[in-house]
Amino acid sequence: MIEKIKQDTEKALLELLKVANLKKNDLFVVGCSTSEVAGQKIGSASSVEIGEAIFSVIYPILKERGIYLAAQCCEHLNRALILESDAAAYYRYPEVNVVPHPKAGGSFATAAHKGFEKPVAVEAIQAKAGMDIGDTLIGMHLAPVAVPVRVSISSIGNAHLVCAKTRRKLIGGSRAQYDQND
């Protein structure tokens, strides 16, 4: 099961990255209910093994591209985010003091906290793209305007998968012309 979860995560991530138009230092948010991945109700059966497996796929792919990963915590930590300290400094996000664990923060955020070089927590971000694994409501951490991206994978394990990218707001009305590469 773990190997299939890793394969599906990688496939979905690479498909999303292909269309998301991300650049170095952009933020990519991931919300992940390991309970949902395991086929249980969100928040009821956190799995360290699943959280670490998903993190072990996503983090190196993003890091290789110079994209910052933001791991969304669960509702018990008000959906705070764990990121590298240099990402928080780059975006001037104020840090908050919390360390996630499987029952408050979730197993994916816990894996990120353990796997990052210098992890910090922040309350809110505006990511350019993201993956919502298990209906964790990452939308609050996406920059306007969020656009759903359909990838060939619709679930990771038993968890519903929603991917999104963002685009700049279109302004100017009927005479305006827009960059179609957004």
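Figures for the structure shown
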{"quantity": "In region 64-105, residue surrounded by the fewest Cβ atoms within 10 Å (Cβ to Cβ) [restricted to those that are among the basic types (Lys, Arg) and farther than 18 Å from ILE42 by Cα]", "calculated": "ARG92"}
{"quantity": "Leading residue by the ranking (farthest from the chain's Cα centre (by Cα)) among those in region 119-133 that are under 15 Å from PRO94 (Cβ atoms) and either in contact (Cβ under 8 Å) with a residue 60 or more places away in the chain or not in a strand (DSSP E or B) (or both)", "calculated": "GLU123"}
{"quantity": "Given (1) surrounded by 22 or more Cβ atoms within 10 Å (Cβ to Cβ); (2) within 15 Å of the chain's Cα centre (by Cα); (3) farther than 19 Å from GLY157 by Cβ, index of the condition PHE108 fails", "calculated": "(3)"}
{"quantity": "Residue within region 7-28 that is aliphatic (A, V, I, L, M) and over 30 Å from ARG167 (Cβ atoms) present", "calculated": "no"}
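Read-outs: derived from the displayed coordinates by stated rules, not from any lab. Treat the numbers as computed from the prediction; the structure is a model and nothing was measured. Note: ideal-geometry Cβ built from the backbone for every residue, glycine included; neighbour counts use all protein chains shown.
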